[in-house]
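In what follows, a structure is listed as structure tokens, so that the remarks can point back to it.
Here, each number is a calculation from the coordinates, and none is a lab measurement. Bear in mind the structure is a predicted one, so any value in this text is a computation, not a measurement. Neighbour counts are summed over all protein chains in view; Cβ atoms, including those assigned to glycine, are modelled from backbone coordinates with ideal geometry.
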Amino acid sequence: MSVDPIKVQGRCLACDFWWSWVRKCLVVMFSFQKRGFCTILSCVVGSLLFFINPVVSKHVEQRVTLKFLVKSGKTPIECWRSLHDVWASETMSKTQVRFWHKRFREGDDQVTDAPHPGRPKSQRTPQNITWISTLVEDDARLGVRSLSAMTGISTHTIRLILKKDLQMRRRCAKFVPKQLEETHKWTRMTICSDNIDRLCSETDPEAFLRRIVMGDETWVSTFQQETKQATTEWVHKGANHPKKLLTGWGVKKVMATVFFDWQGEIHCEFLPPKTTIKAETYIKTLASLKENIRRKRPQLWKDRNFILHHDNASPHTAQPTVKKLQEWGVEVMEHPAYSPDLAPCDFALFPQLKAKMRGQKFENVDQLKSETRKILFSLPKDLFNDAIHDLVIRWQKYVAVNGEYFEGDGVVIDPLFAKGPAEDSDSSSDDSSC
């Protein structure tokens, strides 16, 4: 029969601990002048307790012995001397002996330390949390250092109060086109609500959205500056900062006019450098758009039911432009003023176009025009299809927030209907929830 050496070693260690405790108790017992049954019983009980829990600390062992000495009528200094005869340099201090001697003499039989609640939250208190909340509500632009100087609370504690207790985050203000008045908000909400009602009244909402042709103007330049975030690079410690080129004197820009529908770009043209669009120029652009619709979207031209969507720029709403559109029988979708976030060109198409042009330097305007057309042609169809459906979602959000700007506010709504596939021109969405 084999013997496990680990078990044997463990039993030997346990026996060594037990006999060590018995020897210490016997030394203390024989150091007393009165030898009686209580002394022997105390040693036996102490030995049994240590055998049951061999990992008990030396301080607890000394307190058990000290408790017996106190009940035997010993003074604090006599108790310390008796303990010192056994534990020598490991004996508890005289101050601790006096402390536990007083506790045992007053009837406290507990030999272990009382549980401690830990370090108190001296500054992160309900009163300070309310104080910080009041200061931030009065002035939301106060920084952590300013709050620390005003309250005397550490900056680390203020950050914990703001983030953990008050659940607050610091956010930068976003640029908006205009400080809206109540009439502007009401107009925006009314127009969006009317567009939603018009969409819901259609038997096939998806087919209605595919009739919309959207257009707008934007400036493109021979050098488009990169954003600060786009120029960040990983460098080693102590390395020099990366350099980027500023816009120079030789940069030229032209105005591009782009029209598209759910399938992609329909018409793109450029004005001469240093010129902007006017009503007469825009009418000529619309005539070219009609011709391109006839060539690129024959079914839409055949039905003669496409809907034009553009913003409220002066050339778009001028009387000559309005009369010409009425003469051609083109329906124009109403668009609220000061609402670039409701123009698909501004929130979907142009940001993608400019992102692909950033950091590139073009030698002349002709190269710029060619590259712009190439980028527009390379954009995926899903981008244009999603832009039209995102427009409907933005109508809903404007109604939900009563005409306010909502960019970055996390407004969540249920879409009116699912997006139709961009590839299938004959499919339509039948799961409308209008």
log10 I(q)/I(0), Debye, Cα-only segment 126-165, no solvent, q = 0.14, 0.25, 0.29 Å⁻¹?
-0.23, -0.79, -1.09
Tell me, Y405, Y282 in order of fewest to most beta-carbon neighbours within 10 Å?
Y405, Y282
Report the calculated FRET efficiency for T125 and K356 (r = Cβ-Cβ distance, R0 = 45 Å), to the nearest 0.05.
0.25
Within segment 125-198: Cβ-based charge dipole about Cα centre, in debye rounded to nearest 20 (Lys, Arg +1; Asp, Glu -1):
480 debye
Computed magnitude of the charge dipole of segment 126-165 (debye, nearest 20; Cβ of K, R +1, Cβ of D, E -1):
240 debye
Report the normalised scattering of segment 155-294 as log10 I(q)/I(0) at q = 0.15 Å⁻¹, calculated by the Debye formula with identical scatterers on the alpha carbons.
-1.12
Förster radius 45 Å - calculated FRET efficiency between W234 and K381 (Cβ-Cβ, nearest 0.05)
0.80
With a cut-off of 13 Å, note down the residues of segment 256-280 whose backbone N falls inside the zone around a label point 7 Å from the Cα of D366 toward its beta carbon.
none
If each residue of separation counts as 0.36 nm, what is the full-extension length gain between K178 and T281 once their alpha-carbon separation is subtracted?
34.3 nm
